[in-house]
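Take a look at the structure below.
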Amino acid sequence: MIAGAVSENPVPAARRSSGFRAMRRGLLGHLGKGRERGGGKLVREAKRLPFALDPAQVAVFIADLLTARDRSIALLMLLGGLRASEVRLLPLANVDFGLRRVRVTGKGGKERVVPVDPSFFTELASYLRTERPAGCTAGACFVVLRGPTTGHALTEAGLRRIFRTHRLRAGTPLVRPHRLRHTYGTELAAAGIDLLVLRDLMGHASPETTAGYVHLSATTLAEEYAAARSRLES
């Protein structure tokens with residue numbers, strides 16, 4: 001054994017022939033690579049609460065709509081909680097006037113049956129009786145009423161145009177399709193509907209999404225806490 005200082009590093013250099021680098025494994029490396037996580041964020045960002053519209057603004061917006069078709073569309077979002085895409089793609093055959101409900105195909109092809117207020121069916125009946133083009137064979141419930149594409153299913157751009165035009169005319173800049181849907185969910189939650197029922201009505205995949213519609217004020221929290229303490233002490 002030789003002791004003392006040496007002029008060269010006795011540790012062999014790493015091989016460079018393959019170009020392969022071993023993966024950094026960490027404490028849970030034995031579990032595999034796992035799912036890619038983007039952004040490297042360590043703190044979960046707070047989710048936005050659903051935005052509910054003021055009833056007065058909604059009333060002004062709907063009053064400005066010129067056709068029963070457009071009023072039907074807005075009411076189906078406001079009173080049935082449908083997404084804009086679900087309204088556009090709703091087959092006329094899925095509308096049940098007798099039971100006053102619609103069968104909706106939502107995200108991921110998941111179906112749900114939604115009861116809707118009679119005022120929607122009143123406007124829809126007027127649209128079908130007086131506005132929908134005669135001889136229209138489109139399967140979609142809502143179709144174009146005039147122009148070169150008359151009788152064709154309403155497009156996404158066409159639906160956006162309706163809302164944009166009447167927001168400007170009525171002076172209600174906050175009214176948008178998804179906010180009508182959020183208003184539906186918020187009002188039902190405030191009325192005390194079971195959140196599992198609300199989840200099914202709105203077609204949510206996650207119960208956390210539905211829970212976001214419950215807006216509890218500081219006063220409500222204090223009252224609930226006091227009531228719980230009273231029950232415990234009695």
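Values quoted throughout were computed directly from the atomic coordinates according to the rules given, and no laboratory measurement underlies them. Just so it is clear, the structure is predicted and the values come from calculations on it, not from any experiment. FYI the Cβ positions are ideal-geometry reconstructions off the backbone, even for glycines, and counts take in every protein chain you see.
As a proxy for reagent exposure, Val175, Val144, Val197 were ordered by neighbouring Cβ count within 10 angstrom, fewest first; the result is Val197, Val144, Val175.
Could you quote the convex hull projected area for the stretch 55-203, Cα atoms only and averaged over all directions, in nm²? Walk me through the intermediate numbers first.
Numbers: hull surface 36.0 nm².
Convex hull of Cα atoms, orientation-averaged projection: 9.0 nm².
What does the net charge come to around Pro118 if you take all other residues with beta carbon closer than 12 Å to its beta carbon, with K and R at +1 and D and E at -1?
Details: positive: Arg100, Arg101; negative: Asp117, Glu123.
Computed value for this residue: 0.
Scalar couplings 3J(HN,Hα) for the stretch 63-71, obtained by applying the Karplus form with A = 6.51, B = -1.76, C = 1.60 to θ = phi - 60°, are 5, 7, 5, 8, 10, 5, 4, 5, 5 Hz; x denotes Gly and Pro.
Nearest 0.05, what FRET efficiency do Ala93 and Asp54 give at R0 = 25 Å with Cβ-Cβ as r? For R0 = 25 Å, the calculated efficiency reads 0.10.
The HN-Hα couplings worked out from phi for the stretch 155-160 by the Karplus form 6.51 cos²θ - 1.76 cosθ + 1.60 (θ = phi - 60°) are 8, 4, 5, x, 5, 4 Hz, whole numbers, x standing for Gly and Pro.
Listing Asp96, Asp194, Asp70 from fewest to most neighbouring C-beta atoms within 10 Å gives Asp194, Asp96, Asp70.
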